[in-house]
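**Student:** If you scroll down you'll find the structure; I have some questions about it.
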Amino acid sequence: MAAATEQELKDRLSLIETMIAEGRRTTESFVLWGVAYFVAILWTALGHSVAAWPVTMISACVLTGVLVGIKGGSKPGTTMGRAIASIWVAMGISMLVLFFSLGLSGRIDQHILIAAATAMLGMANAASSLILKWKLQAACAVVWWATSAFACFGKSSQATIVFLAAIFFCQIVFGVYGMIAEARQNWKDAAHA
């Protein structure tokens, strides 16, 4: 009886580890979205085009959908994977509704845009880090929240520089780190198989 209980505990622990690993495997989308933010910001700065953000964000959504379809379309998702995806989808929809409405109303300035976007990114990173127990993602949440607070008090040029730095570290560097960690794990799994 005790052996069966011990095996059940090992199986449950293995399932939990698998679910956490699944949640951490989606970090390539961090890089994609970080690059998309940089493209939209650069496009806006160079051409002042009203199409920069909508075109870039819609393109990033389509590419994210393609990546999800290629990488995990045939695999059934776990509850944890769906929970993490739900957080990010809800955050994306919230940003879309808020920024589209602010843009149409003409009541948006750079400080509001950066403060709201980074506060939402901080929330999504914090929720994901709490679910996945990933301290590095919690650090990203803190960076996003600090950027949000700074945007409320700093000059526009300073807020933009801090925002770009946060995008670089919390989207691109974090995403590359996650992809490297996933590749190492896949290599270890293949070596032990």
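Every read-out reported here was derived from the displayed coordinates using simple, explicitly stated rules and does not represent laboratory data. On a predicted model such as this, the values are computed, not experimentally measured, just so you know. Note: ideal-geometry Cβ built from the backbone for every residue, glycine included; neighbour counts use all protein chains shown.
**Student:** Return a whole-number percent for the relative contact order of the stretch 72-168, with Cα pairs under 8 Å and 6 or more residues apart as the contact set.
**Tutor:** 27
**Student:** Say R0 is 35 Å: what FRET efficiency, to the nearest 0.05, do residue 130 and residue 45 get from their beta-carbon distance?
**Tutor:** 0.50
**Student:** Step through the residues of the stretch 56-66 one at a time and calculate ³J(HN,Hα) from phi using the Karplus curve (6.51 cos²θ - 1.76 cosθ + 1.60, θ = phi - 60°), rounding each to whole Hz and writing x for Gly and Pro.
**Tutor:** Calculated HN-Hα couplings, in order: 5, 5, 5, 4, 5, 4, 5, 4, 4, x, 5 Hz.
**Student:** Once a ≥ b ≥ c are taken as the square roots of the eigenvalues of the Cα gyration tensor of the stretch 28-68, is the result rounded (a/c under 1.5), prolate (a/b larger than b/c) or oblate (a/b not larger than b/c)?
**Tutor:** Oblate is the answer for the stretch 28-68, as a/c is 1.5 or above yet b/c matches or exceeds a/b.
**Student:** With each pseudo-label sitting 7 Å past Cα toward Cβ, what's the residue 93-residue 55 distance in nm, one decimal?
**Tutor:** 2.8
**Student:** If you filter the stretch 107-193 for trypsin sites (Lys or Arg not before Pro), then keep DSSP loop positions with at most 12 other Cβ within 10 Å, what is left?
**Tutor:** 107, 133, 155
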